[in-house]
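Each remark here refers to the structure printed beneath this line.
The values are calculated or read from the model by the stated rules, or taken from the named source; none is laboratory data. Not measured: the values here are computed from a predicted model. When we count neighbours, we look across all protein chains shown, and the Cβ atoms used for this are built from the backbone with ideal geometry, even at glycine. Side chains included, ligands, DNA and RNA excluded: accessible areas come from the protein's heavy atoms. Shrake-Rupley method; radii C 1.70, N 1.55, O 1.52, S 1.80 Å.
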Amino acid sequence: MMPEPLHLFPPSSPFLPASFQIKLAVEPWERAAAARLRRQVFCTEQRLFAGDDGDAIDRVALTLVAVSLLGVAPGDVVGTVRIHEAEPGLWWGSRLAVDRAHRRIGALGSGLIRLAVSTARARGCTRFLAHVQAANAPLFQKLHWRSLAEIELHGRPHHHMQADLAFYPPARAPETGFMTLRRAA
């Protein structure tokens, strides 16, 4: 009689890397993967946009990404956010998205927010704003943001929020960013 095989992980559990690099997207494949992730989250899952969520801001925005690491090799883009300067000193963050399978990791969204504000600070930001879906407002509040108003965008409740810049030192090297670990790693 054969012994039962040893299963370290349940068959339905997807592989989740233990580490991620949160950085400014500098390679074309990173920007393309970020655009695909945004379409998946905002068009397919949330149905906020039909077909594509791209707009004029994409032409001037900086894209930040969370890239899964397979050892030292980059894997997939599993998170993204874009930032842009609307007027001198006034920066906006938008289109924060994390792949569904990676949302419970806990460090990706907050890491992207941290690098977004810190990157803008390094480029002269004196005020950083975002329209945040109401369900995500508590995360932003934990990260030293305050709600300025409750509004509705794309048929959903949002908060118009502002980052407390005192908690975000200017980023030294957003092109390489920083590494973060999965909670369970």
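Assorted remarks:
- Count of residues meeting criterion [loosely packed, with under 14 Cβ neighbours inside 10 Å and within 22 Å of Arg156 (Cα to Cα)] in the stretch 55-81: 2
- Identity of the residue in the stretch 44-100, assigned to a loop (DSSP other than H, G, I, E, B) and β-branched (Val, Ile, Thr), that ends up nearest to Gly177 (Cα to Cα): Val72
- All conditions but one from (1) open to solvent by less than 10 Å² (accessible area, probe 1.4 Å); (2) out of contact with any Pro (no Cβ under 7 Å at 6 or more places or on another chain) apply to Asp52; the one that does not is (1).
- For Ile151, the test of being under 20 Å from Asp53 (Cα atoms) and hydrophobic (A, V, I, L, M, F, W, C) is passed.
- Flag if Thr44 is open to solvent by 50 Å² or more (accessible area, probe 1.4 Å), more than 27 Å from Leu148 (Cα to Cα) and over 14 Å from the mean Cα position of the chain (by Cα): yes
- Only listed residue being at pLDDT below 95 and within 30 Å of Leu90 (Cβ to Cβ), chosen from Phe15, Phe49, Phe9: Phe49
- Close Cβ contacts (under 6 Å, 6 or more residues apart or on different chains) running from residues in the stretch 70-97 that are within 18 Å of Ala32 (Cβ to Cβ) and touching a residue at least 40 places away in the same chain (Cβ under 8 Å) to residues that are acidic (Asp, Glu) and open to solvent by 20 Å² or more (accessible area, probe 1.4 Å) comprise Val78/Asp99.
- Residues that are modelled with pLDDT under 95 and at positive phi, drawn from the stretch 54-98: Gly71
- The C-beta contact set for the stretch 18-36 (first residue crowded, with 18+ Cβ neighbours inside 10 Å, second residue polar (S, T, N, Q) and in a helix (DSSP H, G or I), distance under 7 angstrom, 6+ apart or interchain) comprises Leu24/Thr119.
- Identity of the residue in the stretch 101-156, in a loop (DSSP other than H, G, I, E, B) and modelled with pLDDT under 95, that ends up least open to solvent (accessible area, probe 1.4 Å): Ala107
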